[in-house]
Amino acid sequence: MRVVELEARHVRVALRRKVTHASHVRTDTDNVVVRCKLSDGSTGYGEGVPRDYVTGETIDFSLDLLKRSDLAKQLDVACTDFVQAVHLAERLKLAPSPEDDRGILGNAARCALELAVLDAFGRAFGEPLTKVTELVVPELYRFQPEVRYSGVIGNPRGWKKRVYPLVYRLAGFKQVKLKVGIESQDDVKRTKLVRRWLGRTMDLRVDANEAWAPADAAARIRELEPFGITSVEQPVRHEDVACLADVRKQVKTPIMLDESLCGPIDAERAVQGGWCDLFNIRLSKCGGFIPSVRLAQFAKGHNLGYQLGCQVGETAILSAAGRHFATSVADIRFLEGSYDRHLVWEALSVEDLTFRRNGTAPALIGTGLGFALDPARLDWLTTRKETLIG
């Protein structure tokens, strides 16, 4: 069994509502989708969400990077079982960039490529993506038939400020993340209001999206601690991340890295510098399923916690990959993703993978990514197509 066709697409996905946080305002997203076809006809899909303010990638950069990487040579391997296919996927590398000292430029493109390969071979050999975790990091493998996602509150206006938290509470969610650091908003008042409507027992964490200055970060966090927050995500810009070693000494709340945690080099620097207590692992940002599992393994080995995050505008491809991660990796502190019908107009799937009313969602037990993609919807949203193999 070998790869006989490989193509990459620019897919533009419209959002159902405007998404606002401290770093960006977004009404649509430009995603890279890779299709992989094997010699037996099995076809798999992968997705990446390039973000220039996170890993330095644009959609055009991602597609061009895939074109100039030696993928035909790397994938010219016959696999006789899924174990060999997983080893093949883990070895995949894109063309290096000399200026990339963090080793992260191209992570979204690599994620799309790796997921497409794993999906295709998983379907061919009758294995779900959860099997990858069991093969790569067996010490972290723990299958769960059901998981529970957390809610997110961005920047609702007017009556929605009270309704959103109340809806999560009444729906039975257990965890909520609040976006803070948004210009012209009073974080203390907003957090107090959200806590009031969520109730005392809801797990509430905050995400600053690099909004605060190093000199202000500790004070900003301490202002929010009376409301029982359980973590603070990326308080400062990546360029200032070293200051968090001192910030951690001044606050009680655990610090989570996101924009500053995109690969193994970032992880090693974070541990050496004592910059955080938690990693936010996102499949596209971190280069794919296997690199993300490796980051969880690294965190566990250094007594750090981790959450599985997601990126705005993920379609069902990344939602499914995240579901397989969530239902196979042990000890995930917080879980984000599968917002499909709540956030994107076209999720590309035949089935609806959105989480249920209370945030719960079942494991996907089919082969590969475990869902059926709608080719007509993919064609409808495609704005550029590049042949990589075949």
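Criterion first (under 24 Å from residue 332 (Cα atoms), within 23 Å of the chain's Cα centre (by Cα) and not in a helix (DSSP H, G or I)) does residue 230 satisfy it?
yes
Of all residues in the range 98-108 being part of a loop (DSSP other than H, G, I, E, B) and of a type outside the set (Asp, Glu), which is farthest from residue 287 (Cα to Cα)?
So the residue we want is 98.
Could you list, in sequence order, the residues of the range 175-216 that are assigned to a helix (DSSP H, G or I) and among the polar types (S, T, N, Q)?
Within the range 175-216, just 191 meets the criteria.
Working only within the range 141-174, note down all residues that are surrounded by 19 or more Cβ atoms within 10 Å (Cβ to Cβ) and part of a helix (DSSP H, G or I).
Those that are surrounded by 19 or more Cβ atoms within 10 Å (Cβ to Cβ) and part of a helix (DSSP H, G or I): 164, 165, 168.
Which of the following residues is touching a strand residue (DSSP E or B) at 6+ places or on another chain (Cβ under 8 Å) and either outside any loop (DSSP other than H, G, I, E, B) or farther than 29 Å from residue 37 by Cβ (or both): 376, 361?
361
Among the residues of the range 273-294, are any surrounded by fewer than 18 Cβ atoms within 10 Å (Cβ to Cβ) and out of contact with any Asp or Glu (no Cβ under 8 Å at 6 or more places or on another chain)?
Checking the range 273-294: at least one residue is surrounded by fewer than 18 Cβ atoms within 10 Å (Cβ to Cβ) and out of contact with any Asp or Glu (no Cβ under 8 Å at 6 or more places or on another chain).
Determine the pairs where a residue that is assigned by TED's automatic domain parsing to the domain that holds residue 241, located within the range 255-284, has a partner that is of a type in the set (A, V, I, L, M) and at pLDDT below 95 with Cβ atoms under 6 Å apart, the partner being 6 or more residues away or on another chain.
Within 6 Å, the pairs are 259/54.
A quick yes/no check of all residues on (1) crowded, with 19+ Cβ neighbours inside 10 Å; (2) within 23 Å of residue 299 (Cβ to Cβ); (3) in the same structural domain as residue 280 (by TED's automatic domain parsing):
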site: 213; (1), (2), (3): no, no, yes
site: 221; (1), (2), (3): yes, yes, yes
site: 226; (1), (2), (3): no, no, yes
site: 230; (1), (2), (3): no, yes, yes
site: 233; (1), (2), (3): yes, yes, yes
site: 236; (1), (2), (3): yes, yes, yes
site: 242; (1), (2), (3): no, yes, yes
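The values are calculated or read from the model by the stated rules, or taken from the named source; none is laboratory data. Since this is a predicted model, take the numbers as computed values, not measurements. All Cβ positions, glycine included, derive from the backbone under ideal geometry; neighbour counts span all protein chains shown.
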